[in-house]
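Below you'll find the structure I mean.
What follows draws every value from the coordinates through simple rules; no lab data is involved. From a predicted model like this one, the values you see are computed outputs, not experimental measurements. Reconstructed Cβ throughout: ideal geometry from the backbone, glycine too, with neighbour counts over all protein chains shown.
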Amino acid sequence: MEINNINNSVNNINDKNKNIKYEYNEISFSNGNLYRGELKLINDKDPIMQGKGILYINNGDYYIGDFNNDNLEGFGMYICKEEHNRYIGQFKNNKYDGFGKFRYNNGNEYHGEFKDGIMNGYGIFIYKSGNKYEGEFNNDEQNGIGIFKYSENEYYEGEFKNDYMNGIGKYTFDDGDYNIGEYKNDKKNGFGISYYISSNERYEGQFKNDKKNGFGIIFNNKTNEIIKKGYFEENNFKIK
């Protein structure tokens, strides 16, 4: 690497065992990257990026924040020029690691925990449309327990896998109707109980791809009286 000696401010710290020199300077790298900020020199070896600084990447990206032993480490902000994405938060070993906020070029945002450069832990994902997921993430996807809100009164709370409603959950609709049961790939699949507020009815039985399929019973939700009992196909009652 080549050091350009401009606006150089040096602070020498003498130690019995080491000769350490901290300075503010500029480094031009052979790959086209450029660093401006605090440096550490030990025994006149190549300088190390250490402290606060700005790193301009040869593709137009840049990072401003903390450095440790030539690595992006601590708190900082990374701007992706071509993709127009932006991250601000904690770094470790040149990766997003810890708590941070990532803004995508399409208007989506994630606020939460990162590990090794991907979403891992607890976080909130806000979509440009206004939809919002709050809960657990693993391997950059919604995995675990969470709540997905489509509006103030319409939301799903329960288990997620690979960004889909998968497992046991409760889906509440804007009109007050709700379903409790098994979900697979964002749809009711398996056993569930659906409550219909306007008709004062309740269905208990099997679902497939969001529709009543298989054995089920429709009750009057107030009196518990059986209205229909038998098999359903694509929401249609077939056999008593």
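With N residues in region 132-240, what two-decimal value do you get for its Cα radius of gyration over 2.2 N^0.38 Å?
This ratio for region 132-240 stands at 1.14.
Here's something else I'd like to know. Please report the net charge: other residues with Cβ closer than 13 Å to the Cβ of Asp174, K and R +1, D and E -1.
My count for the surroundings of Asp174 gives -3.
Among the listed pairs Lys149/Lys212; Lys92/Lys170; Lys52/Lys81; Lys115/Lys212, which are separated by more than 32 Å between their Cα atoms?
Lys92/Lys170; Lys115/Lys212
Taking +1 at the Cβ of each Lys and Arg and -1 at the Cβ of each Asp and Glu, which of Phe219, Asn139, Gly176 sits farthest along the dipole of region 132-240 towards its positive end, judged by Cα position relative to the Cα centre?
Result: Phe219.
Also: When Ser28, Ser151 are ordered from fewest to most other Cβ atoms inside 10 Å of their Cβ, what list results?
The most exposed by this proxy come first: Ser151, Ser28.
Moving to a separate point now. Counting only C-alpha contacts under 8 Å and six or more residues apart, can you give the relative contact order of the chain as a whole percent?
6
Another one. To the nearest 20 debye, what is the magnitude of the charge dipole of region 132-240 about its Cα centre, counting +1 on the Cβ of each Lys and Arg and -1 on the Cβ of each Asp and Glu?
740
Here is a further query. What percent of all Cα-Cα pairs in the chain falls into each 10 Å bin, going from 0 up to the bin containing the maximum distance?
Per 10 Å bin, starting at 0, the Cα pair percentages come out as 7, 22, 20, 15, 12, 10, 7, 5, 2, 0.
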